[in-house]
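I have placed the structure first, in the form of structure tokens, so that the comments after it can refer back to it.
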Amino acid sequence: MAAQAANLPIVRLPQKVRVAIIGLEGHIGEILEPMDRLPDVELVAIQDRDPALMRKVLESKHGAHARPYAKWRDLLDGEKLDIAGICGTNGERAEIILECAKRKLNIVAEKPLAITTPDLDRIKRAVADSGIHLTMLIEMRFEAPYRALKQIVDSGDLGEIAQIGAQKSYKLGERPDWMRHRSTFGGTIPYIAIHMVDLMRWTTSRELVEVVSYQGRVGHPELQDMEDVTASLFKLDNGGIAALRMDYLRPDTAPTWGDDRLRIAGTRGIAEFQEHAGLSVVTDKRPLRQITDLPPGGSLFIDFLNSVYSGQASGLSLRDIYRVNEVVLAARDSADQHRFVQL
């Protein structure tokens, strides 16, 4: 991995960019790891309530010169920033996004943006009023296998897409206390479905128009409010169906932390990616084959920087970001309220 990173091109920006990360849980590596290629970007400050998490970042290559803060408002008051990376717990994210928008800071946020629809609506208004740029850490659409899946669908080889099947399965591990309470977590569906909802929409160019979901906790009483099994069934805009199953039941003996899968079936063929098996495709013109020649992967953070500071088109639109947040909140509400929800 390090050798691959060393061979990637340096990305220059037309100005120096000062970044802070508020909350150190989540996909902070999506911000930190590309910094080897970003000589114009500096991590100037970090914040978290957990000294151990801050120490880990401060001891890293790109965090060595960052100033640590215990409170996020003190960080915002004490630093001159260009971008705020907002990770941490789900329940407080909306408040921090709103404050950063008020201060006209561009934002790279963990997912979901908010755990309630009213807070999501407030974020939309604040971003529009402030004129800032915002992205969200749903990085999977920048990964090579999913880019290849989209290319296959766009080629027309699969025909019209009729069914999508997706899975996210994780080891439970040690979950922090904030994930055990709905008020600070928001539910398993918004937390992990958001990746696959984005991939289902983006790879197929199909919209999700209706959802019904189920969620529960089987065993693991220590999880309290946190669900360890969920399933969502979506109606597509052309009458097709998408099914997403998720769990925290992957055994500790499994070779990888997660097991992500995406299967796309059309009227002329099927393409499927599984982490352990790779990408395969079969169509009415060609027999089953493995796809090993994948397009290059990308970096969500670099894509965002290039769109903000170099005027390049972004690979992740604000419209898509808002839409996947809307969908996962509706999918969770469907499970909570035991009803079908129109999207």
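The values are calculated or read from the model by the stated rules, or taken from the named source; none is laboratory data. Remember, it's a predicted structure, so these values are computed and weren't measured experimentally. As a convention, Cβ positions derive from the backbone with ideal geometry for all residues, glycine included, and neighbour counts pool all protein chains shown. The accessibility values were calculated without ligands, DNA or RNA, using every heavy atom of the protein model including side chains. Shrake-Rupley method; radii C 1.70, N 1.55, O 1.52, S 1.80 Å.
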Requested in this report: Might you check whether a residue that is crowded, with 23+ Cβ neighbours inside 10 Å, among the β-branched types (Val, Ile, Thr) and in contact with a strand residue (DSSP E or B) (Cβ under 9 Å, 6 or more places away or on another chain) occurs anywhere in region 135-151?
Outcome: yes
Query - Residue that is nearest to PRO190 (Cα to Cα), among those in region 219-228 that are touching a residue at least 12 places away in the same chain (Cβ under 8 Å) and open to solvent by 40 Å² or more (accessible area, probe 1.4 Å) - result: ASP225
Report summary line: Output for Cβ contacts, cut-off 8 Å, separation at least six or different chains, first residue of a type in the set (Asp, Glu) in region 85-102, second not in a helix (DSSP H, G or I), reads GLU92/GLY23
Requested in this report: Looking only at region 65-78, decide whether some residue is at positive phi and not small (Gly, Ala, Ser).
Outcome: no
Report task. Filter region 79-112 for residues that are part of a helix (DSSP H, G or I) and either of a type outside the set (A, V, I, L, M, F, W, C) or within 14 Å of the chain's Cα centre (by Cα) (or both) and give the result. Result -> ASN90, GLY91, GLU92, ARG93, GLU95, GLU99, LYS102
Query - Single condition PRO118 does not satisfy, out of (1) more than 22 Å from THR188 (Cβ to Cβ); (2) modelled with pLDDT of 95 or more; (3) open to solvent by 60 Å² or more (accessible area, probe 1.4 Å) - result: (1)
Query - Meets criteria (within 27 Å of ASP333 (Cα to Cα), of a type in the set (A, V, I, L, M, F, W, C), touching a residue at least 60 places away in the same chain (Cβ under 8 Å) and part of a helix (DSSP H, G or I)) for LEU120 - result: yes
Query raised in the report: Out of region 174-201, which residues are outside any helix (DSSP H, G or I), open to solvent by 20 Å² or more (accessible area, probe 1.4 Å) and in contact (Cβ under 8 Å) with a residue 24 or more places away in the chain?
Result: ARG175, PRO176, HIS181
Query raised in the report: So which residues in region 31-76 are of a type outside the set (A, V, I, L, M, F, W, C), buried (at least 21 other Cβ atoms within 10 Å of the Cβ) and not in a loop (DSSP other than H, G, I, E, B)?
Result: PRO34, GLN47
Report task. Output the residues belonging to region 90-115 that are out of contact with any His (no Cβ under 8 Å at 6 or more places or on another chain) and either modelled with pLDDT under 95 or among the hydrophobic types (A, V, I, L, M, F, W, C) (or both). Result -> ALA94, ILE96, ILE97, LEU98, CYS100, ALA101, LEU105, VAL108, ALA109, LEU113, ALA114, ILE115
Query raised in the report: Do you know which of the residues in region 202-238 that are assigned to a helix (DSSP H, G or I) and hydrophobic (A, V, I, L, M, F, W, C) is farthest from ALA148 (Cα to Cα)?
Result: LEU223
Report summary line: Within region 14-30, the residues that are over 17 Å from LEU75 (Cβ atoms) and either outside any loop (DSSP other than H, G, I, E, B) or polar (S, T, N, Q) (or both) are GLN15, GLY29, GLU30
Report summary line: When GLY165 is run through (1) assigned to a helix (DSSP H, G or I); (2) open to solvent by 20 Å² or more (accessible area, probe 1.4 Å), the failure sits at (1)
Report task. Could you list all residues from region 320-343 that are among the basic types (Lys, Arg) and over 14 Å from the mean Cα position of the chain (by Cα)? Result -> ARG332, ARG339
Report summary line: Of all strands (runs of 3 or more DSSP E) fully inside region 253-343, the set with 2 or more residues that are at positive phi and open to solvent by 20 Å² or more (accessible area, probe 1.4 Å) is none
Query raised in the report: Can we say ALA20 is open to solvent by less than 20 Å² (accessible area, probe 1.4 Å), under 24 Å from SER299 (Cβ atoms) and in contact (Cβ under 8 Å) with a residue 24 or more places away in the chain?
Result: yes
